[in-house]
1. Using DSSP to define loop residues, name the trypsin sites (Lys or Arg not before Pro) in segment 40-70 whose beta-carbon has at most 16 other beta-carbon atoms within 10 Å.
2. What is the calculated FRET efficiency for Gln207 to Leu149, with r their C-beta to C-beta distance and R₀ = 35 Å, to the nearest 0.05?
3. In the chain, what % of DSSP beta bridges are antiparallel (nearest 5)?
4. Give me the percent relative contact order of the chain, please, defined on Cα pairs under 8 angstrom at least 6 residues apart.
5. Going through the DSSP H helices of the chain, which span 18 Å or more along their own axis at the Cα atoms while scoring at least -0.5 as a mean Kyte-Doolittle hydropathy?
6. Show me 197-204, 281-288 ranked by packing, highest mean number of other Cβ atoms within 10 Å first.
7. Quickly rank 153-165, 99-111, 266-278 as a protection proxy: mean count of other C-beta atoms within 10 Å, highest first.
8. With a 1.4 Å probe and every protein chain left in place, tell me how much accessible area Tyr121 has, in Å² to the nearest 10.
Amino acid sequence: IDHTMQEEHFFYKEVIFTNALHSLETVNYAENEFVALEDDIFNVTYPKSGTNWLIEILNLIKYKGDAALSSKEPIYERSPWFETTQKDKVDTLTRPRIISSHLPIHVFAKSFFKSKAKIIYTMRNPKDIFISNFYFTKLLCALKNPESLQEHLENFLQGDVVYGSWFDHVKGWLTLKDDERFFFITYEELLQDLRSCVVRICKFLGQELDDEAIDSVVKHSTFKTMKENKMSNWSTMPSDVMDHTKGSFLRKGVAGDWKNHFTVAQNEYFDSVYQEKMKDFNVKLFWEK
Ligand code: A3P
């Protein structure tokens, strides 16, 4: 495996994309050609915010707690990312389609805004996103390994990373916070009380599940169950795509791991950029309390 492989990037509407996952054609498809169906459910996140956790939860809800699909199909195929080279898989999904995306709002499917489709937007403490992403670059062979945590931190805080700035992503998407088709949740809320989050998601989707079905959704979407399930832990990814000797996709699954990695100076640097970029943002987020 060639870990020195340089990732090739391109810009589209000021956002960085990687040829390892995208092309102008796939991004253009998602933005301009894709036709949203009225019952589509979009699983939207900034990368490493809990996208796969939501794929597991949303598919379990779709099948009313029946976990058959979770042991049959790799998680990254259950709800494909429509702006990537996976885009054709979207057409093969049964309805309601659950479609993943990391696109910022200004590049998102134009047809969504004219449809009745719904979005679930999951957020996570960006310090933990950053650490999760740092390890992910070592796992995914196509991604360039950052020289150091410090170098990666600067790139992350400047938005010089694939899918662009976390700050712009969150601020952009939360302009929809009062839209009835938009539901936002945090990774930290899911960690704290998975069951009540599942109940809230069901309510938003208009899905009526009895207690037993809810229990099954919860049971099959815990970190432990997903980590042990080879269809959910990404171990089915070929080793020339993902170097399984470098770690696991389901790495730690906790909040606050950044504390084990940041120096005091790095944390202060992060806080100062955060305060500056989020000063005009008045939504209280769960991890901040
Ligand atoms: P860590 O690297 O901090 O462990 P994404 O799916 O957006 O790429 O996010 C991946 C992160 O979500 C990883 O974080 C992964 O462990 C975590 N994750 C996935 N499923 C989870 C679950 N059921 N419970 C807690 N964390 C989960």
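1. Values: sites: Lys48, Lys62, Lys64; in loops: Lys48, Lys64.
Passing sites in segment 40-70 are Lys64.
2. E between Gln207 and Leu149, to the nearest 0.05, is 0.25.
3. Working: 5 of 21 bridges.
If we restrict to bridges inside the chain, about 25 percent are antiparallel.
4. Value for the chain: 26 percent.
5. Working: long enough: 126-139 (19 Å, 0.14); 264-277 (20 Å, -1.09).
Both cut-offs are met by 126-139.
6. On the way: 197-204: 17.5, 281-288: 12.8.
Ranking, from highest mean packing down: 197-204, 281-288.
7. Descending mean neighbour count gives 99-111, 153-165, 266-278.
8. Its heavy atoms expose roughly 0 Å² to the probe.
The values are calculated or read from the model by the stated rules, or taken from the named source; none is laboratory data. All values reported here derive from a predicted model rather than from experimental measurement. FYI the Cβ positions are ideal-geometry reconstructions off the backbone, even for glycines, and counts take in every protein chain you see. Remember, those area values only see protein heavy atoms, side chains included, never the ligands or the DNA or RNA. Shrake-Rupley method; radii C 1.70, N 1.55, O 1.52, S 1.80 Å.
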